[in-house]
Amino acid sequence: MSSGPLRHLPRAWARGRRSWRRSLQARIVSITLVLSALVVVVFGFVVASRITDGLLEAKVRSANKTVGQGATYAASQLRGVTQPGDPALLATVPAMVVALGNAEQSGQVQVVMRASDASLASLPTQLLAWPKAGAYEVVSSGRLAALRKEVSRGKVARQYLTANPDGRGERRYLVFGTPVNSSGAGGQLELYYLFPLDNEVATVDLVRTTLIATGVALVGLLAMVAALVTQLVVRPVRIAARTAQRLSAGLLDQRMEVRGEDDLARLAASFNQMAANLQRQIVRLEEMSRLQRRFTSDVSHELRTPLTTVRMAADLIFASREDFDPAVARSAELLQAELDRFEGLLTDLLEISRFDAGFALLDAEATDLVPVVLRAADGLASVGERAGCAVEVDVPDAPVIAEIDPRRIERVLRNLIGNAIEHSEGKPVCVTLAADDSAVAVTVRDRGVGLRPGEEKLVFNRFWRADPSRARQTGGSGLGLSISLEDARLHGGWLESWGAPGQGAQFRLTLPVRAGDRLVSAPLPLIPDDALPLPSLGGAQVTGARATSGTPAAMVTAGPDAFADEEPGR
């Protein structure tokens with residue numbers, strides 16, 4: 001049965017830690033509670049100690065006075081005793097004990113007469129103690145040996161003791177001992193008083209109970225005050241946080257309510273002013289972005305007509321170039337090549353404008369990726385030959401079926417392979433395809449100059465180029481990787497990059513087997529197996545950019561948010 005509550009302890013501990021991390025009010029109330037509890041405990045301890053010491057000091061003064069009077073009375077009663085063995089001693093002592101006991105009005109003080117030698121050995125112990133013989137046994141016990149030793153030296157001594165001399169239960173006593181001087185007895189008699197501390201113990205218990213109750217009430221009151229005051233401060237902060245979340249979600253008309261003229265009101269007013277400025281800036285940027293997208297789309301469409309006319313004329317000239325002068329024939333070939341590049345750039349700009357406008361649609365169907373990869377590699381084999389670079393393809397023997405848009409995926413692969421050929425420095429480019437139950441992946445690996453730290457975040461930016469001075473070989477538009485990023489995002493997939501100086505680069509395209517599924521892993525590693533550790537970092541450089549709707553925090557999300565001014569390229 002005890003395991004039931006204990007089973008909930010880890011959950012309660014986790015909730016407490018979560019509240020401590022997330023709630024400012026919980027932290028302030030907890031700290032106030034702990035500090036106030038410490039203060040109350042210290043204060044209560046000091047007060048209880050002072051009160052206890054004061055009560056005991058008063059009791060000691062009163063008891064000391066009583067003991068002195070009793071010793072004087074006993075000495076006066078023993079003046080007629082001429083020698084230690086005088087028979088009058090045996091008759092006087094019991095009467096004197098009774099008289100001393102009756103002198104105490106409380107009736108609770110125990111009186112004991114004791115001799116340091118055998119002068120009173122013939123008397124029963126009940127005659128030497130008042131009101132009961134148990135007091136004599138307490139005084140004669142080993143617990144008061146130190147007290148008796150001091151008294152035997154002629155000193156007045158005291159000691160605190162817990163005892164049961166009267167059979168009423170264990171109680172606290174203040175035991176006083178004093179020698180009784182008499183000319184006949186020779187100073188061999190000792191008088192002991194047992195003063196009960198019931199009233200003092202009751203008073204101390206009452207004080208302690210009062211202090212505990214008052215301390216608990218005070219700590220609770222302080223916690224309530226801290227919670228109330230913190231609520232007054234935290235509530236506007238929470239409202240500001242919720243308003244900021246709504247603003248970040250696109251609800252730009254959200255504002256905080258301004259009440260009063262205090263600091264929180266000024267905070268709310270400043271927050272609203274900031275929100276209004278942000279709204280104006282965002283609206284302005286959105287308008288500029290809309291105009292930019294429209295301009296790009298309109299220009300691309302408007303250039304189609306003259307480009308078609310120029311293309312027809314250029315094709316006619318190019319077809320008749322053998323009849324021209326060699327210089328004119330070469331010009332016709334250059335014109336044809338640049339028209340091809342210009343037409344590719346227009347096509348890419350139109351595709352980018354569709355992505356920006358949100359008009360891009362995914363035409364997914366179950367497709368075998370093996371022929372898609374082979375077609376993309378074969379289409380660029382001639383480009384690789386001109387660059388002195390071989391394109392190596394590693395695909396499974398069995399079909400790899402996934403729900404994709406084959407046209408877009410083939411375009412992504414052509415862009416990745418063409419980019420790898422451009423930067424391969426004449427070394428082979430490896431294209432690998434693999435699949436598991438939930439995802440398919442294609443990696444494109446080159447062993448060229450690689451990427452410097454930080455450049456893996458920029459490779460998908462529009463018109464960005466790793467080396468502005470690099471001579472073009474493939475004639476890319478500078479938009480290929482940006483379009484590939486958008487195509488991967490449209491599929492709900494990942495497009496990631498890795499690179500290291502002197503070790504080349506690797507791009508990995510990961511797609512879900514079923515359209516709409518969420519990716520959690522990839523069948524192929526992003527970092528190639530032959531990657532070497534970097535001495536400056538103590539290990540392989542792990543950097544990447546990923547395009548996906550559910551991007552893990554470990555990867556860097558990169559996307560074509562705006563046109564860059566850098567040189568076109570990788």
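Brief remarks on what is shown
- Looking only at region 26-50, residues that are farther than 15 Å from Gly215 by Cβ, crowded, with 16+ Cβ neighbours inside 10 Å and either over 26 Å from the mean Cα position of the chain (by Cα) or not hydrophobic (A, V, I, L, M, F, W, C) (or both) come to 1 in all.
- Count of region 256-288 residues which are open to solvent by 100 Å² or more (accessible area, probe 1.4 Å) and outside any helix (DSSP H, G or I): 3
- Unmet criterion (only one of (1) at pLDDT 90 or above; (2) surrounded by fewer than 19 Cβ atoms within 10 Å (Cβ to Cβ); (3) within 23 Å of Asn461 (Cα to Cα)) for Ala441: (2)
- Qualifying position, being acidic (Asp, Glu), open to solvent by 60 Å² or more (accessible area, probe 1.4 Å) and closer than 30 Å to Gln159 by Cβ, among Asp205, Asp253: Asp205
- Filter result for the condition that a residue is open to solvent by 50 Å² or more (accessible area, probe 1.4 Å), within 48 Å of the chain's Cα centre (by Cα), over 19 Å from Arg489 (Cβ atoms) and at pLDDT 85 or above, over Val393, Val373: Val393
- Restricting attention to region 422-432 and to residues that are at pLDDT 90 or above and open to solvent by less than 10 Å² (accessible area, probe 1.4 Å), the residue that is farthest from Leu485 (Cα to Cα) turns out to be Val429.
- All positions within region 508-529 that are in a loop (DSSP other than H, G, I, E, B), touching a Pro at 6+ places or on another chain (Cβ under 9 Å) and within 13 Å of Ala435 (Cα to Cα): Leu519
- Some residue of region 545-556 being modelled with pLDDT of 85 or more, at negative phi, in contact with a helix residue (DSSP H, G or I) (Cβ under 9 Å, 6 or more places away or on another chain) and surrounded by 11 or more Cβ atoms within 10 Å (Cβ to Cβ): no
- Qualifying residue in region 186-204 (condition: at pLDDT below 80, in a helix (DSSP H, G or I) and hydroxyl-bearing (Ser, Thr, Tyr)): no
- Restricting attention to region 498-513, the residues that are at pLDDT 90 or above and not hydrophobic (A, V, I, L, M, F, W, C) total 4.
- In region 43-59, the residues that are of a type in the set (A, V, I, L, M, F, W, C) reach residues that are open to solvent by 40 Å² or more (accessible area, probe 1.4 Å) with C-beta atoms within less than 8 angstrom, at least six apart or across chains, in these pairs: Val47/Leu211; Ala48/Arg208; Ala48/Leu211; Ile51/Thr203; Leu55/Thr203.
- Any hit, region 285-298, residues being free of Cβ contacts under 8 Å to residues at least 12 places away in the same chain and among the aromatic types (Phe, Trp, Tyr): yes
- Of all residues making up region 301-325, the number that are among the aromatic types (Phe, Trp, Tyr) and loosely packed, with under 12 Cβ neighbours inside 10 Å: 0
- Condition check for Gly101: at negative phi, over 60 Å from the mean Cα position of the chain (by Cα) and open to solvent by less than 10 Å² (accessible area, probe 1.4 Å): yes
- Filtered residues of region 135-165 (kept if hydrophobic (A, V, I, L, M, F, W, C), part of a helix (DSSP H, G or I) and surrounded by 18 or more Cβ atoms within 10 Å (Cβ to Cβ)): Ala135, Val138, Val139, Leu144, Leu147, Val151
The values are calculated or read from the model by the stated rules, or taken from the named source; none is laboratory data. The structure displayed is predicted, hence computed values, not measured ones. Neighbour counts are summed over all protein chains in view; Cβ atoms, including those assigned to glycine, are modelled from backbone coordinates with ideal geometry. For the accessible areas, the whole protein counts, side chains as well, though only heavy atoms, and no ligand, DNA or RNA atoms are used. Shrake-Rupley method; radii C 1.70, N 1.55, O 1.52, S 1.80 Å.
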